[in-house]
Structures are given as structure tokens and as C-alpha cells.
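One structure below.
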Amino acid sequence: MIEYQPESRKWDYVSGRARLPVQWSMWLTHTRADPPSIEELRADIQRQQRVHASALELEKQYQAERAAQRLIPDSKPTPEMIEQPNQQVVSPISALEENVTKKERMKVPPSAPPPETQAWSPKTIRRGS
């Protein structure tokens with residue numbers, strides 16, 4: 001049995017808050033011969049989730065690297081970093097920088113898997129076929 005969306009749902013597409021999947025847009029504009037299958041749409045959603053998770057992981061690594069290079073100011077000073085009279089303040093980040101040089105960090109491969117890439121060449125399709 002087909003369950004239709006409420007009438008107000010179409011305004012999400014008109015206003016741009018929601019978008020059709022690319023596969024459906026291709027079929028509707030006749031750049032694709034057959035409509036997308038449910039399996040194809042599910043596989044695309046899973047791919048998008050993997051890419052999103054990889055992007056989040058890369059962003060975390062980037063933030064950690066920037067913090068290690070002291071390009072991002074610390075949000076809250078830790079108790080060890082608060083100055084006390086007649087004592088030298090040593091931040092954990094500077095201690096880390098002293099122990100591990102930049103060249104040594106660059107030798108270590110990143111822990112995240114490489115981004116998902118595949119060779120792709122477009123297929124020419126004649127409209128109306």
C-alpha cells in the first residue's frame with residue numbers, strides 16, 4: 001500500500017529545505033534511462049554516511065594538529081597552566097611539541113582511512129532513447 005506524504009511536505013522541496021536524490025533528478029531530466037532502484041538509493045545513503053564520518057574524523061585530526069601547533073587558543077586553562085608565584089608554567093601542548101618534532105609527526109601515516117575515490121568516466125546517453 002502506498003503511503004503519501006502530507007500536502008505540506010511539497011513546500012520543503014519548493015523552498016529548498018529538502019532536495020530530491022541526484023539519481024531521481026537525473027531520471028526526471030532524461031539524463032538517465034531508468035529510474036533509480038531502492039537498493040541504489042540505500043547504497044548512496046550509506047556512502048554519504050561513510051563520507052560524512054570520514055570528514056568528521058579528518059576535522060578532529062585537523063583540530064588536534066592545530067591545537068598542537070598552538071594555532072587555536074585553549075578554551076579553558078587547565079590548573080597546571082595557571083601561573084603560580086615563582087613557578088614556570090609549562091603547558092601540556094608545549095611539552096608535547098618538545099618531545100615530538102614536526103618531522104617525526106609527518107613520518108607517521110594518518111590513522112584515518114584514505115578518502116573514498118574511484119575512477120569514473122561519464123557515459124553518453126542520448127535523450128529520448
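Tabulated data
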quantity	calculated
Positions within region 1-24 being at pLDDT below 90 and assigned to a helix (DSSP H, G or I), in sequence order	E7, S8, R9, K10, W11, D12, Y13, V14, S15
Test: residue in region 3-26 that is charged (D, E, K, R), under 30 Å from G128 (Cα atoms) and loosely packed, with under 10 Cβ neighbours inside 10 Å	no
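The values are calculated or read from the model by the stated rules, or taken from the named source; none is laboratory data. Since the model is a prediction, treat every value here as computed from it, not as a measurement. Please note: Cβ atoms are built from the backbone with ideal geometry, for glycine as well, and neighbour counts cover all protein chains shown.
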